[in-house]
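A quick write-up on the structure given underneath.
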Amino acid sequence: MAIKYIGNEDIKIERVEVYRDDPSSSYEFELFTATGDGLEIEKNSDYPSISHQNFPISTQAKKLKVIVTWEKEGKESRKYREEFVFKQ
């Protein structure tokens, strides 16, 4: 999985969480969470981006949820969050 910010503001990616569903359950299973130094941030990129390899996902899963938390660089210390849902 590769996530790349393509906006025009200076940001710092704080946390990435990935979950999958299970047809026999009402809750989601965490696949991985990467925070702080655990984020493999690509330093040679023009935009903040992260990548993560080899996370297990069940063949029965129908939904993958990715939650990205970031903050803007500078004086403001407010955090932002965006959720992406991929369905098959």
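A short reminder: the numbers here are calculations on the coordinates, not readings from a lab. As the structure is a computational prediction, the values presented were derived from the model and not from experiment. Using ideal geometry, Cβ is built from the backbone for each residue, glycine included, and neighbour counts are taken over all protein chains shown.
The table below lists the values:
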quantity: Neighbour-count order for Asp21, Asp10, fewest beta carbons within 10 angstrom listed first; calculated: Asp10, Asp21
quantity: Within region 1-20, backbone nitrogen closer than 18 Å to the virtual label 7 Å beyond the Cα of Thr69 toward Cβ; calculated: 11-20
quantity: Residue order, fewest to most beta carbons within 10 Å, for Ile6, Ile11, Ile57, Ile50; calculated: Ile6, Ile57, Ile11, Ile50
quantity: Pair Lys62, Glu83: separation of 7 Å Cα→Cβ label points (nm); calculated: 1.8 nm
quantity: Ascending count of other beta-carbon atoms within 10 Å, so fewest first, for Val18, Val68, Val85; calculated: Val85, Val68, Val18
